[in-house]
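Asks: The structure under discussion is supplied below as structure tokens; questions concerning it will follow.
The values are calculated or read from the model by the stated rules, or taken from the named source; none is laboratory data. These figures come from a predicted structure and were not determined experimentally. No Cβ is skipped: glycine too gets one built from the backbone with ideal geometry, and neighbour counts run over all protein chains shown. Note: accessible area is taken over every heavy atom of the protein model, side chains too, but ligands, DNA and RNA are not part of it. Shrake-Rupley method; radii C 1.70, N 1.55, O 1.52, S 1.80 Å.
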Amino acid sequence: QVQLVESGGGLVQAGGSLRLSCAVSRRTFSMYSMGWFRQAPGKERDFVAAISRLGRTTIYSESVKGRFTISRDNAKNTVYLQMNSLKPEDTAVYYCATGGLQATGQREQYDYWGQGTQVTVSS
């Protein structure tokens, strides 16, 4: 059973920063891409960012490009999401997920998901 545990969410003012972490209990962590998604109330779960197995390739949604940075530490089985210049529209529950061999924004390519961490950005 693969477990993912997100942390680092909270309440922040617009323009502020947060760093999310996702710890993964998977021995073969470095063999899989990782992704971050988010879901606002009443909306679908949307792609935010993804990173390849060794971290050489990263992709972002247009809405966060230039503000968010995804990274990973394979020695710690952890993926991160650094979020800067936060906006009220970034408010959502953020989820990490394990993907396949390639970094992708396609939700159906991700199999294991965490429980999510709430990020609230006040104006």
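Asks: Which residue fluctuates most in the GNM of the chain (Cα springs below 10 Å): 14, 97, 50?
Replies: 14
Asks: Oh, and also: Please check: in the Gaussian network model of the chain (C-alpha springs, under 10 Å), which one of 78, 104, 28 has the largest mean-square fluctuation.
Replies: Result: 28 has the largest fluctuation of those listed.
Asks: Further question: Do any trypsin sites (Lys or Arg not before Pro) in region 1-89 lie in a DSSP loop with no more than 12 other beta carbon atoms within 10 Å, and if so, which? Mind showing how you got there, number by number?
Replies: Numbers: sites: 19, 26, 27, 38, 43, 45, 53, 56, 65, 67, 72, 76; in loops: 26, 27, 43, 53, 56, 65, 67, 76.
Hits after loop and neighbour filter: 27, 43, 56, 65, 76.
Asks: Another question, then. What distance in nm separates the simple spin-label points at residue 74 and residue 11, each placed 7 Å from Cα in the Cβ direction?
Replies: Those two pseudo-labels are separated by 4.1 nm.
Asks: With the crude spin-label approximation of a point 7 Å out along Cα→Cβ, what separation in nm comes out for residue 108 versus residue 58?
Replies: Modelled inter-label distance: 2.9 nm.
Asks: Something else: On a C-alpha basis, how far is the centre of region 1-49 from the centre of region 56-123 in Å? Whole number, if you could?
Replies: Taking the Cα centre of each part, region 1-49 and region 56-123 sit 5 Å apart.
Asks: If a paramagnetic tag sat 7 Å from the Cα of residue 2 along the Cα-Cβ line, which residues of region 15-36 would have the backbone N under 14 Å from that point?
Replies: 23-36
Asks: For the chain, give the percent of accessible area contributed by carbon and sulfur heavy atoms, probe 1.4 Å, rounded to a whole number.
Replies: Working: 2920 of 6540 Å².
Its accessible area is 45 percent carbon and sulfur atoms.
Asks: Where is the GNM fluctuation largest for the chain (alpha-carbon springs, 10 angstrom cutoff): 79, 93, 48?
Replies: Among 79, 93, 48, the largest mean-square fluctuation in the Gaussian network model of the chain belongs to 93.
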